[in-house]
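The values are calculated or read from the model by the stated rules, or taken from the named source; none is laboratory data. The structure displayed is predicted, hence computed values, not measured ones. As a convention, Cβ positions derive from the backbone with ideal geometry for all residues, glycine included, and neighbour counts pool all protein chains shown. Please note that ligands, DNA and RNA were not included when accessible areas were found on the heavy atoms of the full protein model with its side chains. Shrake-Rupley method; radii C 1.70, N 1.55, O 1.52, S 1.80 Å.
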Amino acid sequence: MLLLPRMSSNLARLLLLLLFAFSICDAVALPGPISDRHRSAALELFAPQHGSFASLEESYEALRIFEILAVREKPDVRATTCPKVLENLVSSTPLKDLFYALKVNGILKCKVNGDIFKDIASRLKATVKDAKTLVDLYYSIGSLLLIKDQASDVDVLLADADGTFHSIKALSQSDGKWRYTDKPESSTYAAGLALEALAGVITLASSEIDQSRVNLVKNDILKLFDSIEKYDDGTFYFDEKLVGGHEHQGSISTTSSVVRGVFAFAAVTSGKINLPGDKILGLAKFFLGIGIPGDAKDLFNQIESLALLESNRISIPLILSLPASVYSLSNKDKLKVRVNTVLGSAAPPLTVKLVRAFSTVAKDSAVIQNKDLKYDQNSGHHVLDVLPDEVDVGIYVFVFEMVLHDADGEKVYATGGQIHVPIYVTGIVKVSNAEIAVLDNDLGSIETQKTLDLAGNDIVSLSANHLQKFRFSFQLTTPRGHAFKPHQAFLKLKHETKYEHIFVVGNAGKKFEIVLDFLGLVEKFYYLSGRYDIELTVGDAVMENSFLRPLGHLELDLPEAPTSKAPRLPPLAVDPYTRYGPKAEITHLFRTPEKRPPTQLSLIFLSLTLLPLIGFLVGLLRLGVNLRNFPSSAAPATYAILFHLGIAAVLVLYVLFWLKLDLFTTLKTTALLGVFLLFVGHRILSHLATTSAKLKSA
Amino acid sequence: MARSTSKDAQDLFRALWSAYSATPTNLKIIDLYVMYAVFTALIQVVYMAMVGSFPFNSFLSGVLSCVGTAVLAVCLRIQVNKENKEFKDLAPERAFADFVLCNLVLHLVIMNFLG
């Protein structure tokens with residue numbers, strides 16, 4: 001029996017989910033072939049603006065994709081694009097534009113005068129002769145090749161094909177990569193361009209190229225494939241590591257460039273290039289695994305590469321896909337498998353074999369071995385009619401293999417050997433023998449016992465005190481009659497004050513049982529007596545009837561908390577969603593101002609305080625006070641006046657201090673004034689003293 | 001009896017007054033000044049009793065200013081009085097200088113405390 005507070009139970013659920021996620025990662029779901037979703041994506045990404053595309057390159061990419069995917073509702077851009085094509089053909093435009101103009105013309109077949117082609121061909125031939133950079137060679141040879149297809153009467157054959165071949169080959173590196181120029185940076189993307197150009201040279205050669213040179217290039221290709229990158233699921237791709245002076249190419253365009261180059265080269269040379277079928281299949285997996293790219297260029301590279309893979313001479317990948325990876329035992333679903341080429345067309349006659357199937361829990365014991373799937377002509381699916389009795393609910397890995405009927409097919413097609421597919425088999429788990437009871441602690445005798453139908457809506461109400469035990473048990477049985485342990489089997493007791501306690505229900509075989517001894521739980525229940533709602537959660541990904549239902553309530557009578565160590569109630573867990581709600585308004589507390597007397601009264605008292613002063617002055621007059629003692633000679637009189645002025649100044653300073661000055665300024669000024677006052681005060685007072693002393697002595 | 005009592009009191013006061021009349025004028029001035037200070041303090045106390053002691057520091061500084069200067073004036077009076085043989089050697093000008101200095105210090109504190 002295990003008591004989990006709410007936090008740790010959440011954590012446990014998370015862990016279970018993670019474990020579950022890891023357990024199915026052994027086998028990765030297969031990407032299916034190209035579908036209609038790609039078609040709609042293509043129409044969306046290649047949408048012409050004002051009846052035409054932004055550039056000839058984009059026009060070509062769009063037209064080519066529509067052609068490959070056989071898109072029916074393609075936009076008609078012929079009227080706007082053909083003038084552009086002609087314009088680029090007539091004037092001497094950069095090689096790249098010329099190249100794409102010819103490519104677009106190849107698809108649209110605009111009306112172009114044969115003389116124009118002748119002009120271009122002679123211009124291009126001169127370029128080929130002088131070209132130093134790979135890109136120039138690529139575009140000019142590519143253009144010549146296009147002219148050859150579009151105007152058969154124009155002479156495009158290269159006189160010095162051997163020399164051109166050599167100048168391209170001279171840029172190759174020992175690792176199969178190519179350089180763009182004489183500079184030492186090599187690139188995989190450039191290798192693709194070079195191979196395509198070499199294929200072009202072979203096609204355009206007036207005399208046959210030396211076979212030994214061709215074989216050297218074949219070796220380069222094999223070396224290039226040694227640097228191929230790989231994912232664990234058998235996906236292969238090329239990536240550009242070094243970013244030289246040229247713009248960086250991503251893995252999609254790099255892989256695509258290599259695919260174009262290698263297949264173009266394979267198409268024009270006799271003999272086979274010995275590339276392993278799993279690498280070709282891995283490339284297909286790479287392009288299919290992208291899904292639907294959000295970028296037009298990526299989509300073009302993906303689709304064009306897949307089209308080349310579909311009909312290449314080395315080996316054609318066959319893609320095995322499953323319409324669904326979840327099978328329900330209760331619905332008696334049939335296991336269906338589909339085999340297509342990458343673009344989704346039908347595969348050659350073949351048999352799909354289920355080599356074995358094993359549960360992710362027990363990987364060593366196979367539940368199915370060596371079964372052939374039946375081919376259903378109508379739907380094009382390979383079907384396994386009935387899942388054998390050994391297959392119970394759970395997560396399985398099915399291992400398929402394709403066996404081609406034509407024995408020579410192995411040379412043409414890449415099937416990828418054994419393919420692992422995760423399969424979920426779900427079903428309705430039978431919940432039975434649910435029993436809920438309150439037991440006396442010491443004897444174990446049953447006080448109350450009730451049976452429940454968990455499938456129905458039965459509700460029980462029980463009462464217990466801290467000397468008793470609570471027992472709840474039920475059974476889970478799979479459709480095949482085996483024990484079933486779900487991911488989640490929790491019993492929750494929730495007090496009316498919202499404090500809740502979650503217990504994991506453990507099992508022994510089919511039987512799940514939990515016994516709560518309230519004597520030991522008193523403290524964990526915070527001594528809270530009262531009504532507890534009971535809730536049961538049983539859930540699993542493969543359990544079709546996962547449920548969370550209330551079982552009723554329990555009236556619990558717990559002893560009072562001992563005052564000495566009464567546990568403080570922990571704060572209730574906050575609903576995480578309230579965090580995003582509005583915050584409570586903050587009310588600021590200000591000190592209420594003190595009650596002040598009415599102004600009138602204060603003014604009256606101010607004048608009252610002046611009364612004693614008046615009394616003082618009147619008293620002085622009555623006493624006959626006079627200033628006769630004021631010194632009459634000049635110097636002492638000055639000192640006397642200054643002395644009084646000094647005192648007045650100090651007092652004024654005090655008033656200023658009260659009104660606005662701070663203590664430091666006041667003290668500094670007071671010190672100055674004090675010195676002055678001391679001086680003049682001493683002078684006048686000593687003068688007065690001497691005069692009075694003289695008077696006395698006189 | 002009652003009559004004789006009031007007459008006695010009148011006599012007593014008259015005797016006191018005539019005795020006080022002999023006091024030198026400068027001491028009378030100081031006495032007047034002390035009276036003035038004490039009455040000012042009393043008026044402030046009455047005001048406080050009527051409206052409450054907020055702001056208490058202002059009340060305290062007002063009253064203490066009056067009481068303090070009265071006490072200083074009393075000290076001055078003691079020193080100036082010729083009858084007091086104790087301060088025979090102290091010149092009244094020196095006593096006055098002390099009085100002024102103490103008053104200035106007292107009022108610096110009072111002003112600081114006034115708020």
Pick from segment A:121-142, criterion part of a helix (DSSP H, G or I) and of a type in the set (Val, Ile, Thr), ranking: nearest to the chain's Cα centre (by Cα): A:Val135
Please identify the pairs in which a residue from segment A:588-610 that is at negative phi has its Cβ atom under 6 Å from the Cβ atom of a residue that is open to solvent by less than 90 Å² (accessible area, probe 1.4 Å), counting only partners at least 6 apart or on another chain. A:Glu594/B:Phe54; A:Pro597/B:Val51; A:Phe605/B:Tyr47; A:Leu608/B:Ile43; A:Thr609/B:Thr40; A:Thr609/B:Ile43
For A:Val77, are the conditions met, namely being touching a Gly at 6+ places or on another chain (Cβ under 7 Å) and in the same structural domain as A:Ser206 (by TED's automatic domain parsing)? yes
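Surrounded by 15 or more Cβ atoms within 10 Å (Cβ to Cβ), at pLDDT 90 or above, assigned to a helix (DSSP H, G or I) and among the acidic types (Asp, Glu): which single residue out of B:Asp11, B:Asp31 fits that description?
B:Asp31
Would you be able to tell me the number of residues in segment A:524-548 that are in a strand (DSSP E or B) and either within 40 Å of the chain's Cα centre (by Cα) or not charged (D, E, K, R) (or both)?
Quick first cut of segment A:524-548, residues in a strand (DSSP E or B) only: A:530-539, A:543, A:547-548.
Going one step further and asking which of them are either within 40 Å of the chain's Cα centre (by Cα) or not charged (D, E, K, R) (or both), we end up with A:530, A:532-539, A:543, A:547-548.
Matching residues across segment A:524-548 total 12.
Which residue out of B:Ala49, B:Ala37 is under 28 Å from A:Arg596 (Cβ atoms) and open to solvent by 60 Å² or more (accessible area, probe 1.4 Å)?
One residue alone meets the criteria, B:Ala49.
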When segment B:78-115 is examined, which residues are found to be away from chain A (no Cβ under 11 Å) and over 23 Å from A:Leu677 (Cα atoms)? B:Ile78, B:Asn81, B:Lys82, B:Glu83, B:Asn84, B:Lys85, B:Glu86, B:Phe87, B:Lys88, B:Asp89
In segment A:200-214, which residues are open to solvent by 70 Å² or more (accessible area, probe 1.4 Å) and in a helix (DSSP H, G or I)? A:Gln211, A:Arg213
If I ask for residues that are within 11 Å of chain B (Cβ to nearest Cβ) and open to solvent by 80 Å² or more (accessible area, probe 1.4 Å), which ones from segment A:633-650 would you list? A:His644
Inspect all residues belonging to segment A:592-610 and state whether any of them is over 30 Å from A:Leu329 (Cβ atoms), more than 14 Å from chain B (Cβ to nearest Cβ) and among the acidic types (Asp, Glu). no
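The rows are residues; the columns are (1) within 9 Å of chain B (Cβ to nearest Cβ); (2) part of a helix (DSSP H, G or I); (3) open to solvent by 50 Å² or more (accessible area, probe 1.4 Å).
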{"position": "A:Pro612", "(1), (2), (3)": "yes, yes, no"}
{"position": "A:Leu620", "(1), (2), (3)": "yes, yes, no"}
{"position": "A:Leu627", "(1), (2), (3)": "no, no, yes"}
{"position": "A:Pro631", "(1), (2), (3)": "no, no, no"}
{"position": "A:Val655", "(1), (2), (3)": "yes, yes, yes"}
In the list A:Gly142, A:Gly114, which residue meets the criterion of being of a type outside the set (Val, Ile, Thr), in the same structural domain as A:Phe53 (by TED's automatic domain parsing), surrounded by fewer than 17 Cβ atoms within 10 Å (Cβ to Cβ) and within 30 Å of A:Asp76 (Cβ to Cβ)? A:Gly114
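Would it be correct to say that A:Ser686 is small (Gly, Ala, Ser) and open to solvent by 60 Å² or more (accessible area, probe 1.4 Å)? Even if it seems obvious, please write down each step before you answer.
Values: small (Gly, Ala, Ser): yes; open to solvent by 60 Å² or more (accessible area, probe 1.4 Å): no.
It is false that A:Ser686 is small (Gly, Ala, Ser) and open to solvent by 60 Å² or more (accessible area, probe 1.4 Å).
If you go through segment A:330-340 one residue at a time, do you hit one that is among the hydrophobic types (A, V, I, L, M, F, W, C), outside any strand (DSSP E or B) and modelled with pLDDT of 85 or more?
no
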For segment B:14-28, name all the residues that are outside any loop (DSSP other than H, G, I, E, B), in contact (Cβ under 8 Å) with a residue 40 or more places away in the chain and open to solvent by 60 Å² or more (accessible area, probe 1.4 Å). B:Asn26
Would you mention how many residues in segment A:273-299 are more than 19 Å from A:Gly416 (Cβ to Cβ) and open to solvent by 40 Å² or more (accessible area, probe 1.4 Å)? 5
Considering each of A:Pro597, A:Pro582 in turn, give the residue that is more than 19 Å from B:Tyr36 (Cβ to Cβ), modelled with pLDDT under 90 and open to solvent by 100 Å² or more (accessible area, probe 1.4 Å). A:Pro582
Just checking, which of B:Val67, B:Val71, B:Val38 is assigned to a helix (DSSP H, G or I), at pLDDT 95 or above and away from chain A (no Cβ under 14 Å)? B:Val71
Can you tell me which residues in segment A:225-241 are of a type outside the set (Lys, Arg) and open to solvent by 100 Å² or more (accessible area, probe 1.4 Å)? A:Asp226, A:Tyr231, A:Asp232
Residue check: is B:Ser58 within 11 Å of another protein chain (Cβ to nearest Cβ), touching a residue at least 24 places away in the same chain (Cβ under 8 Å) and either at positive phi or of a type outside the set (Phe, Trp, Tyr) (or both)? yes
Has segment A:301-316 got at least one residue that is open to solvent by 40 Å² or more (accessible area, probe 1.4 Å), in a strand (DSSP E or B) and free of Cβ contacts under 8 Å to residues at least 60 places away in the same chain? no
